[in-house]
Amino acid sequence: MNPQESSPKKRFFFEDLEEDLSGKALRNEESLLFGGHRPAPENPVSEKDEVSEIRDVIPDLSHSQAEMLLLKCESCADRSERISNAVSIYFENQSQKERSVPEANMPLITSPKVNSNFGVTKKKDYGTRLTKKPKPSVQWRRFIGSIQVSALATRPTVQPLKYGCELQIVCAHSEESASRLFNGNGRKRTSMANFVRLVDAERNREVGRVPENVARIVLPLIDFDDVEFEATMIFCDNKRLSVGDSFVVQLDIFLTSVLFEKKPKSYNYDSREKISYSQSNVESEDEARSRARRIALLGLFDEVNMVSIDDSTSEDNEVFEDQTQVIDLGNYDDDNDNETSSITPEPKQEDQLTESDTLNLNQLKSIYRATLSTDSTRFLPETTPSEDDFALTLRKYQKQGLTWMLRKEREFDLAAAGDSSNQFDEAKMNPLWKKFKWPKDLAWGAQRLLNNLQEQQNACNGAFFYANLHTGEFSKEKPILKSVKRGGILADEMGLGKTISVLSLILTVPSDREFINQSQNFVAEARNSDSSIITSSLQSSTEMSKEDYAFATTLIVVPMSLLSQWQQEFEKANRNSNIKCEVYYGNSITNLKTLLTKTTQPPSILLTTYGTVQHEWSKELGRSRGTRELTRTNGLFSVEFFRIVIDEGHTIRNRSTRTSKAVMDLAACRRWILTGTPIINKLDDLYSAVKFLRLEPWSQAGYWKSLVSDPFEVKQYKQAFDMVSTILDPVILRRTKLMRDADGKKLVELPNKEVLIEKVKFNRNEDEVYKFFLNRAESSVMEGLARGDLLRKYSTILVHILRLRQVCCHLDLLGSKDENDADLNGKQLCQPFDLKNVLSRNFKESTRNFDERSFQNAVVHIRHKYSDDSELKSLECSVCTADPIEPINQIVFTECGHAFCQNCIMDFINFQTSRKQDLKCPNCRTFINPHHLLSVAESGSKLDLKRFDDSSYSSKVQALMKNLSRLQEASSGEQVVVFSQFSSYLDILERELGSNFGDKEAKIYKLDGRLSLKERTTVLKNFANKDPARLKILLLSLKAGGVGLNLTCASRAYMMDPWWSPSLEDQAIDRVHRIGQQNDVKVIRFIMENSIEEKMLRIQERKRTLGEAVDADEDERKRRRVDEIRMLFE
Amino acid sequence: MASLPKRIIKRLVSDPVPGITAEPHEDNLRYFQVTIEGPQQSPYENGVFHLELFLPDDYPMEAPKVRFLTKIYHPNIDRLGRICLDVLKTNWSPALQIRTVLLSIQALLASPNPNDPLANDVAEDWIQNEDGAIATAREWTKRYAKPN
């Protein structure tokens, strides 16, 4: 090669670099040297020599450039290493430059001037290249990119290889069976580089082999027609090659029409095959081959730097890291990932980090935002259910929801026809597919050889193509995602009437009409046709035979607490006397199968509980132990339902629970999930929903893991979320209260909600006890923090925290062990706690204050004043004018012999103390000692005076009472709900409220987990009945009342204690603030001042902003927990 | 301690004080419209004085807030109608009832105390020229505290 020849070549390679260094003096005449002498290696060398040596290797390099490269490698002691480093730096820069060119991996020939240079010289210099006859199957091919390959010479050559001469790629392995190349896991066994050889086309002589990473791409693909490779000699130092020398080859890659044709079976890796594959776990040769092919394609796309185009968010194009991996179903072990990543370039760590950092931290929100399909739902037409069937009036958005659900069930004729009824399944691209742009043809041939005709391009016009790199499928058309399953997720926010919506669906389509029609036909044709008529609905069913199909029954699985509510809602909504609802709970139905499949009028709705399903499932499983097949003789699992609806569907979010497994095993044609909170903790919660709905292919654990869980783990949130929303979009409908309809009106106009925090001060006793526990807790936490093993002592610390929270509520709680306390669920309390001990230790002093003599004096004094017990029973409190003070245990005497209600005098004492004012008897204005108080106790038939024990007096309860009294005085017929998470606190409240309010003033109800289903129903019913004369107070435990309940008869709620999770608190409030509420809602949260409760508020705040640990991995969660504990005690 | 104002109202209604009325406001049971007749043989005789009374949240631990709405010339009542009375301030006790408070105010009208003044100019006038001050008080009563 002579310098003239190398000139265009130099431009081709190095133009960018030159531009970069244009500030430096570029001595072009030097840079043109090509084929300088390589100094003998044994010669002693100076740096100068190193420079020239580099320039020997890279002849286009200017002297100064070479020096710069060397400078970068100064750290290497060894000379030859230094040189080789310099060279490799150069080539790395080079390839980066190339990659940085946007979109299409454009090489560097851009200026017309250069092009004209080519035009003159090239054709002449390289002569004609043999136009390869395309294989008959190939109609066209199109360039997608080229790779610079540094090949290794395997045979010495007589002459230097000519620049631009064509090399052939030959695979030596064609006889090899795939099983020799791959082991059972699809991992390759031997080096593929051994099999891929470069052959000098002209001389038909092998010259070298390609490096392993290229061989891995080439080898699996070269035997197929769908990808073509062309290799062109680029650089061999202009000297003859010895074995082991390296030379540079440009590998142009083309996709051919074959790739875009329908695939033969062996490539078509559809889900059915995968199932069998993952089950058998042994890879057939074909599968191994196909797998290698997919990996190779993936690697190929990475090598040529094809970037997928994101249609929806074009501005994100550059951020979007294409992290496609071949999905290995069944056994996705780590080694496998390693292998794939060895082909793919190292992901740019920093980029990804910044990307995830800039993501909105509140990821739950963003997921929801993604699933809020505002536009499509806003313009849904409305379907009004027939008035003969449905007694209630649906709201606008509920009618739209009905349309949506009918469409999801493919009942298009019943759904209101919109202007575009099919637009609903609008062209959503299958998320496994990526869109690619055809790059400009920069193949060696196209650039250099004008005789290389353009005919191929014409055969395939269009700027884009689509590829599913997971399966190795390609298409010119946009692959449209179609959901074929009937059913979906109705995820409307709580209070939007999911129950009503589903009932309207059931009443509109109570049974499988297709099935009825066809079975009628079947009966008609039964005699003259063979038995191969199978209804389409049965085709979709599993192994159930036709007899087991409960074609007219919808099974509704609900939490136990909602059973009766569903029943009531159904009674309200149903107007069709033929439609019945049965409850399947306990032993209510003996022969379910017969009832559902054999009777003429089976119940249209079968209500059951998660517990029943789980119980029956376990029983079936036990009976069929060994066979591992459910026997399905009777009961829920013996039939296939027409439709299943699971209410509060997040119940099955953990798919390893028995309940979840049991529900998954129920058979039905149409499946619906109702939930207001599809995600509770983590993204994987959604997987259960996908699995329940049998959404293929994502219900394959492997798909879900590699497309959602894994990206999420490595913090590629955007990718995971995009995937989730593409999966769910077609099947989920979620509206929130804040959404607006097409007219801009809010979906639901709820009355205002006001949430106030009322700060309550500790009284003296509480303060002392609180400090006692705080000290203990603090020292324990500080110890833990100092030692760094805080979390190992987590349960101890939780007990400490619990104590503090209990003191905030009521001192009496300290003794109780509360089964409803979530924090300690399942954990053993370290030690049963002895309240008396602590209290007496703390209050010895104060009780001793009231010495025996003063006490006796006071008793004498009072007895003198009120000698008769009956007088004690008719005392008047001069503060509240209660007359008489009732019950008598509420009477408190001062030392000076004046009687007050316990609450009044305690209020007074606390008020005066807090204002630092004198404690004088309200009646006689003598100073009183707060410890010198007496109370009245009944001992037998007599009344006795004793020292008043104020240790269990609670400021918070007092605050509640004050509020309730004020409410009662304003309007007596109010209904209020009081929430607490401690059910024993509810007991105390019941007791204290009961002693404070007379039966005529207030009626107190209590609902907690200890009530039976029947008792619950009674309590709720009684509470809902308004009594204009009496205040109605419902004491409600969070656990029992957190879900589903409808308490809209009340417009006031009191939250006695803060919860860790703000969303649970919101949910509780939403029991009251939901559809049907007529009045403004007022909520008061009692928070003790300067206590752990205030800090809990701060943690709530933090949780609100961070999103509830959705995004957190285990470490992150741990860190947060430590943070939270630290927050509590700082 | 339930239904405080109701009990108070009951008491006020069942045990009325001559010359004093107190009616709770329709919307707010803690707000009372009060009238006090000027005590006989005082400069305020034959006058009917309107007052407002409000029970604060902390009532009865805290004293009710009372204020004259009718203009009055009195050394212990200022231009804004605020009243200087110990039981409304430091000597308040939760055992005191509204009626006792109102009675105390009536008594204050009967015996002004210029040595513990709230309205300084009035008090000075009262001390230096008691007759003139009393005359002014009478005149104001006639002018402002007309019974309807």
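Quick one: is residue A:965 part of a helix (DSSP H, G or I), under 20 Å from residue A:1084 (Cβ atoms) and not assigned by the TED database to the domain that holds residue A:647?
On the way: part of a helix (DSSP H, G or I): yes; under 20 Å from residue A:1084 (Cβ atoms): yes; not assigned by the TED database to the domain that holds residue A:647: yes.
For residue A:965, the condition - part of a helix (DSSP H, G or I), under 20 Å from residue A:1084 (Cβ atoms) and not assigned by the TED database to the domain that holds residue A:647 - is met.
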Can you confirm whether the range A:968-978 contains a residue that is crowded, with 20+ Cβ neighbours inside 10 Å, in contact (Cβ under 8 Å) with a residue 12 or more places away in the chain, part of a helix (DSSP H, G or I) and at the interface with chain B (Cβ under 10 Å from one of its Cβ atoms)?
yes
Here the residues within the range A:637-688 that are small (Gly, Ala, Ser) and either touching a residue at least 24 places away in the same chain (Cβ under 8 Å) or not assigned by the TED database to the domain that holds residue A:609 (or both) are A:638, A:649, A:660, A:662, A:667, A:668, A:676, A:688
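Output the residue which, of all residues in the range A:910-924 that are outside any loop (DSSP other than H, G, I, E, B) and within 53 Å of the chain's Cα centre (by Cα), is nearest to the other protein chains (Cβ to nearest Cβ).
Going residue by residue through the range A:910-924, those that are outside any loop (DSSP other than H, G, I, E, B) are A:910-914, A:920.
Narrowing further to those that are within 53 Å of the chain's Cα centre (by Cα): A:910-911, A:913-914.
Working: A:910: 9, A:911: 4, A:913: 11, A:914: 10 Å.
Checking each candidate, the answer is A:911.
Taking the range A:653-709, which residues are of a type in the set (S, T, N, Q) and either touching a Phe, Trp or Tyr at 6+ places or on another chain (Cβ under 7 Å) or not in a loop (DSSP other than H, G, I, E, B) (or both)?
Going through the range A:653-709, the residues of a type in the set (S, T, N, Q) turn out to be A:654, A:656-657, A:659-660, A:675, A:677, A:681, A:688, A:699-700, A:706, A:709.
Correct list: A:659, A:660, A:688, A:706, A:709.
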Practice prompt. Answer yes if at least one residue in the range A:1026-1046 is out of contact with any strand residue (DSSP E or B) (no Cβ under 8 Å at 6 or more places or on another chain), in the same structural domain as residue A:1121 (by the TED database) and outside any loop (DSSP other than H, G, I, E, B), and no otherwise.
Written response: yes
task = Kindly indicate whether any position in the range A:712-725 is surrounded by 24 or more Cβ atoms within 10 Å (Cβ to Cβ) and of a type in the set (A, V, I, L, M, F, W, C).
result = yes
If we ask which residues in the range A:915-925 are surrounded by 13 or more Cβ atoms within 10 Å (Cβ to Cβ) and out of contact with any helix residue (DSSP H, G or I) (no Cβ under 9 Å at 6 or more places or on another chain), their number turns out to be 4
With criteria (1) under 21 Å from residue A:1086 (Cα atoms); (2) surrounded by fewer than 19 Cβ atoms within 10 Å (Cβ to Cβ); (3) modelled with pLDDT of 85 or more, residue A:809 comes up short on (2)
Of (1) more than 11 Å from chain B (Cβ to nearest Cβ); (2) touching a residue at least 60 places away in the same chain (Cβ under 8 Å), residue A:890 satisfies every one except (1)
By residue number, the members of the range A:568-608 that are hydroxyl-bearing (Ser, Thr, Tyr), assigned to a helix (DSSP H, G or I) and over 19 Å from residue A:551 (Cα atoms) are none
(1) surrounded by 15 or more Cβ atoms within 10 Å (Cβ to Cβ); (2) assigned to a helix (DSSP H, G or I); (3) modelled with pLDDT under 85 all hold for residue A:547 apart from (1)
Of the residues in the range A:927-961, those that are farther than 19 Å from residue A:811 by Cβ, crowded, with 18+ Cβ neighbours inside 10 Å and within 14 Å of chain B (Cβ to nearest Cβ) come to A:928
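If I ask for residues that are among the polar types (S, T, N, Q) and either at pLDDT 85 or above or touching a helix residue (DSSP H, G or I) at 6+ places or on another chain (Cβ under 7 Å) (or both), which ones from the range A:886-901 would you list? If you could, list the steps in order and put the result at the bottom.
In the first step, residues of the range A:886-901 are kept if they are among the polar types (S, T, N, Q); the result is A:889-890, A:894.
Answer for the range A:886-901, where residues must be among the polar types (S, T, N, Q) and either at pLDDT 85 or above or touching a helix residue (DSSP H, G or I) at 6+ places or on another chain (Cβ under 7 Å) (or both): A:890, A:894.
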Of the residues in the range B:76-105 that are surrounded by fewer than 20 Cβ atoms within 10 Å (Cβ to Cβ) and within 9 Å of chain A (Cβ to nearest Cβ), the one that is farthest from residue B:120 (Cα to Cα) is B:97
Being surrounded by 15 or more Cβ atoms within 10 Å (Cβ to Cβ), over 31 Å from the mean Cα position of the chain (by Cα), not in a loop (DSSP other than H, G, I, E, B) and not β-branched (Val, Ile, Thr): is that true of residue A:1006 here? yes
Check your understanding: Mind checking whether some residue in the range B:112-124 is touching a His at 6+ places or on another chain (Cβ under 8 Å), touching a residue at least 40 places away in the same chain (Cβ under 8 Å) and outside any loop (DSSP other than H, G, I, E, B)?
Key -> yes
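Yes or no, residue by residue, for (1) at pLDDT 85 or above; (2) of a type outside the set (Phe, Trp, Tyr); (3) surrounded by 18 or more Cβ atoms within 10 Å (Cβ to Cβ):
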{"position": "A:523", "(1), (2), (3)": "no, yes, no"}
{"position": "A:526", "(1), (2), (3)": "no, yes, no"}
{"position": "A:533", "(1), (2), (3)": "no, yes, no"}
{"position": "A:551", "(1), (2), (3)": "no, no, yes"}
{"position": "A:556", "(1), (2), (3)": "yes, yes, yes"}
{"position": "A:570", "(1), (2), (3)": "yes, no, yes"}
{"position": "A:578", "(1), (2), (3)": "no, yes, no"}
{"position": "A:601", "(1), (2), (3)": "no, yes, no"}
{"position": "A:613", "(1), (2), (3)": "yes, yes, yes"}
Of the residues in the range B:48-71 that are in contact (Cβ under 8 Å) with a residue 60 or more places away in the chain and in a loop (DSSP other than H, G, I, E, B), the one that is farthest from the other protein chains (Cβ to nearest Cβ) is B:71
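Quick check, is residue A:904 within 19 Å of residue A:998 (Cβ to Cβ), out of contact with any helix residue (DSSP H, G or I) (no Cβ under 8 Å at 6 or more places or on another chain) and facing chain B (nearest Cβ under 9 Å)?
Numbers: within 19 Å of residue A:998 (Cβ to Cβ): yes; out of contact with any helix residue (DSSP H, G or I) (no Cβ under 8 Å at 6 or more places or on another chain): yes; facing chain B (nearest Cβ under 9 Å): yes.
So residue A:904 passes the test.
Conditions (1) under 21 Å from the mean Cα position of the chain (by Cα); (2) at pLDDT 85 or above, marked per residue:
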position: A:643; (1), (2): no, yes
position: A:654; (1), (2): yes, no
position: A:662; (1), (2): no, yes
position: A:665; (1), (2): no, yes
position: A:680; (1), (2): yes, no
position: A:685; (1), (2): yes, no
position: A:691; (1), (2): yes, yes
Inside the range B:46-61, the number of residues satisfying the requirement of being of a type outside the set (Ser, Thr, Tyr) and farther than 25 Å from residue B:74 by Cα is 5
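The values are calculated or read from the model by the stated rules, or taken from the named source; none is laboratory data. Bear in mind the structure is a predicted one, so any value in this text is a computation, not a measurement. Note: ideal-geometry Cβ built from the backbone for every residue, glycine included; neighbour counts use all protein chains shown.
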